[in-house]
Amino acid sequence: MSWGTELWDQFDNLEKHTQWGIDILEKYIKFVKERTEIELSYAKQLRNLSKKYQPKKNSKEEEEYRYTACKAFLATLNEMNDYAGQHEVIAENMTSQIIAELVRYVQELKQERKSHFHDGRKAQQHIETCWKQLESSKRRFERDCKEADRAQQYFEKMDADINVTKADVEKARQQAQARHQMAEESKTDYSSILQKFNHEQHEYYHTHIPNIFQKIQEMEERRIVRMGESVKTYAELDRQVIPIIGKCLDGIVKAAESIDPKNDSQLVVEAYKSGFEPPGDIEFEDYTQPMKRTVSDNSLSNSRGEGKSELKFGGKSKGKLWPFIKKNKSPKQQKEPLSHRFNEFMTSKPKIHCFRSLKRGGATPEDFSNLPPEQRRKKLQQKVDELNKEIQKEMDQRDAITKMKDVYLKNPQMGDSASLGHKLGEVSQNIEKLRLETQKFEAWLAEVEGRLPARSDQARRQSGMYEAQNAPSVNNCAQDRESPDGSYTEEQSQESEVKVLATDFDDEFDDEEPLPAIGTCKALYTFEGQNEGTISVVEGETLFVIEEDKGDGWTRIRRNEDEEGYVPTSYVEVYLDKNAKGAKTYI
């Protein structure tokens, strides 16, 4: 069975059918796409549903989930979250393995179909052109034959007429012969064109069209096979997630089987048991005897008194504890004002304001005097390095211009050396300005380094925080430059005063002692202390607190005698020593 032989005359119908096949394929792609949208929407709704009924942290709901039935419900929510994930997997696999592949295949199919039908139309046009040539040749042959016949009749008529001159007869005879000659030529041409047309028509119906239709048939069959494979893949993608979905459902069943009503009942007892003894029987009181009423030891009033006595010493009832709690309440003890503690810190130890001054914002002075000494030194050193690089760049440019000028002087045809003089002057001016700027920053840098304790350049450049042994110098610098709002303002001083200050710092270097610890803290998260004055901590690590958060979000801690710095207050859980001076009472 071949379309080329069976459907040789159904070109238009085959064109419509193949277009219908592509439409069906595109309709299937649209169906799968909408299925993936439904799967994603369903997964999203399942996740939102699971999240909606999850217990809130640090709430009463979280306490309720200690019951086995609630635990089973919580396990169901978690399994439903995983269940939703499998529907997302279905949508993702269908998009990548069906939709994307079929969209690409449809584009290729359209191009192939277009090419085949273009070849078919080209063959049709060729055979139609041959047919038109045949018809034209045939009409011309017919016309020439008729004209030859009329010319022959006219010649015979003229030849039979005795009144016609011999010249007219000869003329009619020659005209008849010419017409007969034209008819013979038309006949030969018509015969040739007819043979050619028959050959082309045979090739068209037995070679060209069968080949084209055969290719179209193969293309259509490949489309059908491809669609069948896609439908099979559609089912397989669903089947792949069934085992995992089954595990989710098994988890829900297992959670349901773990429900223990006896255990839940025991939890209720533990939660609400009061510990009171039930009241005893009330004895009969005889008012006929002239005596005071007596109440049995087992009466309700005595049982209540006994209950109170038991509660007073045993304290088993939660409902009756409030009178004792009220009695135990007392005003908080007067603590020493925090300002005393802060004043002591300011007079005994340095204040590291690196983060606080940086976080206040505002315009940064040119000499970075708003920064602590070490940070200021680094900023100034960085600025000096940048200026030196710019100077080197300008000097390289000046050297290049100078070399170019020399080349122009030796070879005037290459350019005018005078045109480079102005540019060379501009570069020299820029170098001079940069050098002056560098000298200014180097002076500030020398001033800062003169105030800092003597350290090697490597230690200065690699220092990540203010260590305890450098406290005196930092403290004096902070006192010299600290404004009322806590930021740093640099004051100009003579070089001799700087040297004296540095000498004083060295004299006091070994007299300082570490700040006393006022509590401990536990790192809730890992913090990488990469900035000046900070310290790195690891989650779960326990350290000493030496300075509380002063409202700026930073707490000062110590790992050992040589490692201390600031960490974000939200990253640690602080336990202050209530007996420490200046410590707050909360944890």
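Points to keep in mind about this one:
- Accessible area, probe 1.4 Å, largest first, for residues His202, His422: His422, His202
- A simple count of charges around Ser186, restricted to other residues whose Cβ falls under 14 Å of its Cβ and scoring Lys, Arg +1 and Asp, Glu -1, yields -1.
- For Val572, the residues whose amide H sits under 5 Å from its own are Leu524, ignoring neighbours fewer than 5 places away on the same chain, with H placed 1.01 Å from N.
- Cα-based Kirkwood hydrodynamic radius, the range 43-138, one decimal, Å: 19.4
- Backbone phi angles across the range 230-246, fed through the Karplus curve with coefficients 6.51, -1.76 and 1.60 (θ = phi - 60°), yield HN-Hα couplings of 5, 5, 5, 4, 4, 6, 5, 5, 5, 5, 5, 8, 4, x, 5, 4, x Hz in residue order; Gly and Pro are listed as x.
- Heavy-atom accessible surface of the range 170-221: percent carbon and sulfur, 1.4 Å: 46
- Converting phi to 3J(HN,Hα) with the Karplus coefficients 6.51, -1.76 and 1.60 and the offset θ = phi - 60°, the range 436-443 yields 4, 5, 5, 4, 5, 6, 5, 5 Hz in sequence order, with x at every glycine or proline.
- Long pairs among Lys30/Lys52; Lys33/Lys110; Lys33/Lys247, criterion Cα-Cα beyond 30 Å: Lys30/Lys52
- Label sites at Arg226 and Asp562, each approximated as a point 7 angstrom past Cα along Cα to Cβ, lie 7.2 nm apart.
- Spacing of the modelled spin labels on Met1 and Glu184, each 7 Å from Cα toward Cβ, amounts to 5.8 nm.
- Extended-chain gain in nm, criterion 0.36 nm per residue less alpha-carbon gap, Asn78 and Glu128: 10.7 nm
- Accessible surface of Thr76, taken over heavy atoms with a 1.4 Å probe and every protein chain present, rounds to 40 Å².
- In Å², nearest 10: area of Ile242 left accessible to a 1.4 Å probe: 100
- In order along the range 423-434, phi translates into HN-Hα couplings of 5, 5, x, 4, 5, 5, 4, 4, 5, 5, 4, 5 Hz, rounded to whole numbers, per the Karplus curve 6.51 cos²θ - 1.76 cosθ + 1.60 with θ = phi - 60° and x for Gly and Pro.
- Label-point separation in nm, Ser265 to Asp23, each point 7 Å along Cα→Cβ: 7.1
- Computed with a 1.4 Å probe over protein heavy atoms only, the accessible surface of the range 89-224 comes to 66 Å² per residue.
The values are calculated or read from the model by the stated rules, or taken from the named source; none is laboratory data. All values reported here derive from a predicted model rather than from experimental measurement. Here the Cβ is made from the backbone with ideal geometry for all residues, glycine too, and neighbour counts use every protein chain on show. Keep in mind that these areas ignore ligands, DNA and RNA; they rest on the heavy atoms of the full protein, side chains included. Shrake-Rupley method; radii C 1.70, N 1.55, O 1.52, S 1.80 Å.
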